[in-house]
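Scroll down for the structure; my scribbles are underneath it.
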Amino acid sequence: MDIVKVISLKKKYVSGKIEVNAINGIDLNIKKGEFLAITGPSGSGKSTLLNIVGGNEFPTEGVVEINKRILSSMNDEELTIFRRRNIGFVFQRFNLIPYLNIYQNIVLPLELDHADIDSEFVKELIDELGLDDQIFKMPDELSGGQQQRVGIARALAANARIMLMDEPFGALDEITKQAMQDEILKLHRKLGITIVFITHDIREAMKLGDRVLVMDQGKIVQLDTPEKIKKEPANEFVYQLVGQNLL
Ligand code: ADP
Ligand code: MG
């Protein structure tokens, strides 16, 4: 079953006389439970695509459907509630609230939503992410990797079934990054959630993705399993990208 459908998507930014076609015609289906890794050079439109899928931004043309709901058919309030309940976001910057402790940061979105806190599930997340000794600490007492674990727990606390991650490990050192990659694979398997994960690092995309989507200039260049991409790169661009890094 497809949990996300993107149809004929385009996004044009206009500032003064300058126009940028950030998304140039994208059709995409994401399967429920899939781990989709999106990669491509800086400026290729990865973040724009993720922001539109998550309802943070609106497309110039095209449709995004999540769980059979068309995002553009909802009013502001419906969209806000839909996003809080269905979609978790994790960005490169951890964006923790400095004056709230770790537990308070994790449950903040639930409190904003006046939702009941499923303490058992939140505890499971905290344990799973190895944060059980940290919950009464303040964000600045945690390492970068730990802070991003809090970001992940916060994104999942409302039991969102879709997690959108934009370069989440981009600010971490290599060793921490590898530990976090293993962590996210474990969580994905355990919770059965759908993950859309942006990285400009092709190695990371190939390690994590069930499928890897390679973008360039606002278009999909290739969307295949990592094995297929290694064996049959769609064109010279993908060949260079994969070849330089993975041979
Ligand atoms: P990526 O995440 O792959 O680096 P982005 O989606 O951030 O790429 O950007 C795609 C293109 O759209 C780039 O040329 C970028 O400069 C442009 N862009 C992104 N956001 C805006 C914006 N808010 N206003 C104008 N141009 C933007
Ligand atoms: Mg980006």
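When residues in the stretch 160-178 are screened for being part of a loop (DSSP other than H, G, I, E, B) and away from ligand 2 (no atom under 14 Å from the Cβ), 4 of them pass.
Which members of the stretch 90-114 meet the condition of being part of a helix (DSSP H, G or I), under 19 Å from residue 164 (Cα atoms) and of a type in the set (A, V, I, L, M, F, W, C)?
Step one: filter the stretch 90-114 for residues part of a helix (DSSP H, G or I), giving 102-112.
Now drop any that are not under 19 Å from residue 164 (Cα atoms), which leaves 105-110.
Across the stretch 90-114, the qualifying residues are 106, 107, 108, 110.
Of everything in the stretch 44-59, what is assigned to a helix (DSSP H, G or I), more than 6 Å from ligand 1 (Cβ to nearest atom) and not aliphatic (A, V, I, L, M)? Give them in sequence order.
Within the stretch 44-59, the subset assigned to a helix (DSSP H, G or I) is 46-53.
Keeping just the survivors that are more than 6 Å from ligand 1 (Cβ to nearest atom) gives 49-53.
Passing the criteria: only 51.
All of 181, 146 fail the test of being more than 16 Å from ligand 1 (Cβ to nearest atom), closer than 17 Å to residue 129 by Cβ, in contact with an Asp or Glu (Cβ under 7 Å, 6 or more places away or on another chain) and not in a strand (DSSP E or B), apart from 181.
Residues of the stretch 32-43 that are under 19 Å from residue 193 (Cβ atoms) and either in a loop (DSSP other than H, G, I, E, B) or more than 16 Å from ligand 1 (Cβ to nearest atom) (or both): 32, 33, 34, 35.
Conditions tested, residue by residue: (1) farther than 25 Å from residue 181 by Cα; (2) more than 16 Å from ligand 1 (Cβ to nearest atom); (3) not in a loop (DSSP other than H, G, I, E, B); (4) not acidic (Asp, Glu).
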| residue | (1), (2), (3), (4) |
| --- | --- |
| 5 | yes, yes, yes, yes |
| 19 | yes, no, yes, no |
| 26 | yes, no, yes, yes |
| 29 | no, yes, yes, yes |
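When the stretch 115-141 is filtered for residues that are farther than 23 Å from residue 193 by Cα, open to solvent by 40 Å² or more (accessible area, probe 1.4 Å) and not in a helix (DSSP H, G or I), the ones remaining, listed by number, are 133, 136, 137, 138.
Residues are listed down the side, and each one gets a yes or a no for (1) in a strand (DSSP E or B); (2) hydrophobic (A, V, I, L, M, F, W, C); (3) under 27 Å from residue 7 (Cα atoms):
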{"residue": "196", "(1), (2), (3)": "yes, yes, yes"}
{"residue": "206", "(1), (2), (3)": "no, yes, yes"}
{"residue": "228", "(1), (2), (3)": "no, no, yes"}
{"residue": "237", "(1), (2), (3)": "no, yes, yes"}
{"residue": "242", "(1), (2), (3)": "no, yes, no"}
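Every condition in (1) open to solvent by 30 Å² or more (accessible area, probe 1.4 Å); (2) within 19 Å of residue 88 (Cα to Cα) holds for residue 157 except the one numbered (1). Screening residue 15 with (1) in contact with a strand residue (DSSP E or B) (Cβ under 9 Å, 6 or more places away or on another chain); (2) at pLDDT below 95 gives one miss only, at (1). Go through (1) within 30 Å of residue 116 (Cα to Cα); (2) touching a Lys or Arg at 6+ places or on another chain (Cβ under 9 Å) and name the single condition residue 170 misses. Only one criterion in (1) within 30 Å of residue 116 (Cα to Cα); (2) touching a Lys or Arg at 6+ places or on another chain (Cβ under 9 Å) is unmet by residue 170, namely (1).
Does the stretch 78-113 hold any residues that are acidic (Asp, Glu) and either open to solvent by less than 50 Å² (accessible area, probe 1.4 Å) or touching a helix residue (DSSP H, G or I) at 6+ places or on another chain (Cβ under 7 Å) (or both), and which are they? Reasoning before the result, please.
Kept after step one, since they are acidic (Asp, Glu), are these residues of the stretch 78-113: 78, 111, 113.
Result: 113, single match.
Quick check on the stretch 54-63. Is at least one of its residues within 16 Å of ligand 2 (Cβ to nearest atom), under 30 Å from residue 173 (Cβ atoms) and touching a strand residue (DSSP E or B) at 6+ places or on another chain (Cβ under 6 Å)? So far as the stretch 54-63 goes, yes, one or more of its residues are within 16 Å of ligand 2 (Cβ to nearest atom), under 30 Å from residue 173 (Cβ atoms) and touching a strand residue (DSSP E or B) at 6+ places or on another chain (Cβ under 6 Å).
Among the residues making up the stretch 60-77, those that are in a helix (DSSP H, G or I) and either out of contact with any helix residue (DSSP H, G or I) (no Cβ under 8 Å at 6 or more places or on another chain) or surrounded by fewer than 17 Cβ atoms within 10 Å (Cβ to Cβ) (or both) are 72, 73, 76, 77.
The values are calculated or read from the model by the stated rules, or taken from the named source; none is laboratory data. Model, not experiment: these values are computed from the prediction. Every residue, glycine as well, gets a Cβ built from its backbone with ideal geometry; the counts of neighbours run over all protein chains shown. Ligands, DNA and RNA are stripped out before the accessible areas are found, and what is left, the full protein with its side chains, is counted by its heavy atoms. Shrake-Rupley method; radii C 1.70, N 1.55, O 1.52, S 1.80 Å.
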